[in-house]
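Below is one structure, written out as structure tokens; comments come after it.
What follows draws every value from the coordinates through simple rules; no lab data is involved. For clarity, every value in this text was computed on a predicted model and none was experimentally measured. Quick reminder, even Gly has a Cβ in these numbers, built from the backbone with ideal geometry, and neighbours come from all protein chains shown.
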Amino acid sequence: MSSRVHTLEVVEVIKETDEAASLVFAVPDELVERFRYHPGQFLTVEIPSDRTGSVARCYSLSSSPHLDDELVVTVKRTIDGYGSNWLCDNVSVGTRLRVLTPSGVFVPKTLDADLLLLAAGSGITPIMSIAKSALLAGAGNVYLVYANVGIESVIFGAELAEMIVEFPDRLQVVHWLESERGLPTVDDLAELLVLCERYDTFVCGPTPFMEVCRAALQVIGTPDKHVHIEKFQSLTGDPFADIVVAESSATSTAAATIEIDGRSIDIEWPRDTPLLDVLLGKGIDAPYSCRAGECSACACTVRSGEVRMRKNDTLVDADLALGLTLACQAVPVSERVEIAFDQ
Ligand SMILES: Cc1cc2nc3c(=O)[nH]c(=O)nc-3n(C[C@H](O)[C@H](O)[C@H](O)COP(=O)(O)OP(=O)(O)OC[C@H]3O[C@@H](n4cnc5c(N)ncnc54)[C@H](O)[C@@H]3O)c2cc1C
């Protein structure tokens with residue numbers, strides 16, 4: 001069992017709206033180091049199921065590492081979804097859940113830059129963590145556009161109102177309610193965002209919303225390398241299950257140096273095997289969650305050399321420009337590669 005799997009207890013459940021609840025996890029003293037996180041990262045939660053034993057789902061942390069001792073995730077019910085409804089219906093104070101330590105790359109490189117935050121519905125969750133952290137620990141301006149169907153579906157409405165009072169010169173929030181203004185169009189957003197083309201930009205929400213945002217950002221001229229996207233999708237695999245790593249049949253290998261957990265390891269990397277499988281096969285406790293190119297938990301930085309991802313359904317241009325790759329999908333292209341798990 002990976003040392004990244006831990007059981008945490010829920011110490012509070014907060015009803016945010018009719019459709020969304022925040023689960024507050026206490027972190028015991030001995031796990032504080034393991035559960036340190038950056039604003040924008042997520043937990044992977046194991047959810048029991050009579051049908052399959054369990055399913056795994058990712059939930060972004062809405063708490064801020066600069067403000068909160070406890071870890072908070074905010075879950076919005078998905079119509080006919082299994083995991084989100086199970087969590088909203090069954091979790092109460094004292095429930096113990098297995099989770100993976102925080103991971104993900106939807107994280108500002110600096111909290112001092114001006115930030116443009118675009119959220120819709122439950123997409124506010126990582127955005128809230130980033131906004132709180134930037135205001136408390138950073139120096140830049142924060143411009144948030146938050147879209148919802150109606151006033152009743154706005155999560156964190158009261159908290160945002162308090163933040164506006166506390167940071168009147170640095171925080172601006174535009175609530176876009178579909179019930180009043182219809183869905184935002186590319187032109188609507190381009191008009192709102194026209195002064196933000198140099199901002200470090202974070203976008204999270206349903207796919208159609210994120211597509212409109214991307215198009216609007218193109219209209220105002222934001223370079224792709226400034227645009228970070230978090231896709232909310234359900235994992236198809238189960239990272240809590242025991243992992244069987246297939247034997248490689250490759251005749252050729254690359255020489256790789258891997259920095260992980262403060263040490264440097266030299267390995268022969270078979271050309272047909274994703275890096276994550278090589279590391280797990282050697283008993284190295286590398287971070288992972290979906291193992292299917294869907295979630296970025298295993299993201300790492302290529303310091304030198306070249307790799308190729310077999311599938312990438314999560315990293316965007318801004319991530320690739322930083323040299324990020326997914327260990328669960330990366331195979332070597334060059335003879336020598338240096339990689340660091342530094343996310
Ligand atoms: C990085 C990341 C961050 C995220 N952050 C958030 C967040 O902050 N807040 C949030 O609300 N969401 C978040 N999500 C989305 C979240 O992980 C889930 O995708 C979402 O909650 C929907 O999951 P669901 O199980 O309810 O729905 P679905 O995935 O649609 O569930 C339906 C699936 O469950 C299966 N199923 C049905 N019944 C059972 C059963 N009894 N046993 C087993 N399987 C069954 C069905 O076959 C079907 O495949 C995030 C996703 C990612 C990748």
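Considering all alpha-carbon pairs of the range 213-343, what whole percent are spaced by more than 27 angstrom? Summing the P(r) of the range 213-343 above 27 Å gives 21 percent of all pairs.
Going by Cα centres, the range 194-223 and the range 246-294 are how many Å apart? Cα centroid to Cα centroid, the span is 35 Å. A dipole drawn for the chain from +1 and -1 charges on Cβ atoms has a positive end, and of Leu195, Cys88, Ala286 the residue lying farthest that way is Ala286.
Rounded to whole Å, give me the distance from the Cα center of the range 300-343 to that of the range 136-186. After rounding, the separation between the Cα centres reads 34 Å.
Using only alpha carbon positions, build the gyration tensor of the range 1-43, then give the equivalent ellipsoid semi-axes as the square roots of 5 times its eigenvalues, largest first, whole angstrom.
Working: eigenvalues 106, 32, 21 Å².
Semi-axes from the Cα gyration tensor: 23, 13, 10 Å.
Summarising the amide proton neighbourhood of Val55: residues at separation of 5 or more, or on other chains, whose placed amide H is nearer than 5 Å comprise Ile47, Ser49. Across all directions, the average flat footprint of the convex hull enclosing the Cα atoms of the range 77-168 is 7.9 nm². Judged by the mean number of other Cβ atoms found within 10 Å, the most tightly packed of the peptides 50-57, 114-121, 74-81, 142-149 leads the ranking 114-121, 142-149, 74-81, 50-57.
Which loop GluC sites (Glu not before Pro) in the range 225-295, with loop taken from DSSP, have no more than 10 other Cβ atoms within 10 angstrom of their Cβ?
Numbers: sites: Glu230, Glu247, Glu259, Glu268, Glu294; in loops: Glu247, Glu294.
Sparse-neighbourhood loop GluC sites (Glu not before Pro): Glu247.
Residues within the reach of a label modelled at Thr251 (point 7 angstrom out along Cα to beta-carbon, backbone nitrogen below 19 Å), restricted to the range 293-333, are 332-333.
Full extension of the chain between Asp169 and Leu31 gives 46.0 nm of extra length, using 0.36 nm per residue less the Cα-Cα distance.
Each 10 Å bin from zero up to the one holding the largest Cα-Cα distance in the chain carries the following percent of pairs: 5, 25, 33, 25, 11, 2, 0. Once backbone amide H atoms are built at 1.01 Å from N, Ala147 has Ala119, Ala120, Gly121, Trp176 as its partners under 5 Å, excluding neighbours fewer than 5 places away on the same chain.
I'd like to compare 3-10, 212-219: which one has the highest average count of other Cβ atoms within 10 Å, and what's the full order after that?
Working: 3-10: 15.9, 212-219: 20.2.
Per-residue mean Cβ counts within 10 Å order the peptides as 212-219, 3-10.
Coupling constants for the range 188-195 follow from the phi torsions by the Karplus curve (6.51 cos²θ - 1.76 cosθ + 1.60, θ = phi - 60°), and in residue order they are 4, 5, 4, 5, 5, 9, 4, 9 Hz; glycine and proline get x.
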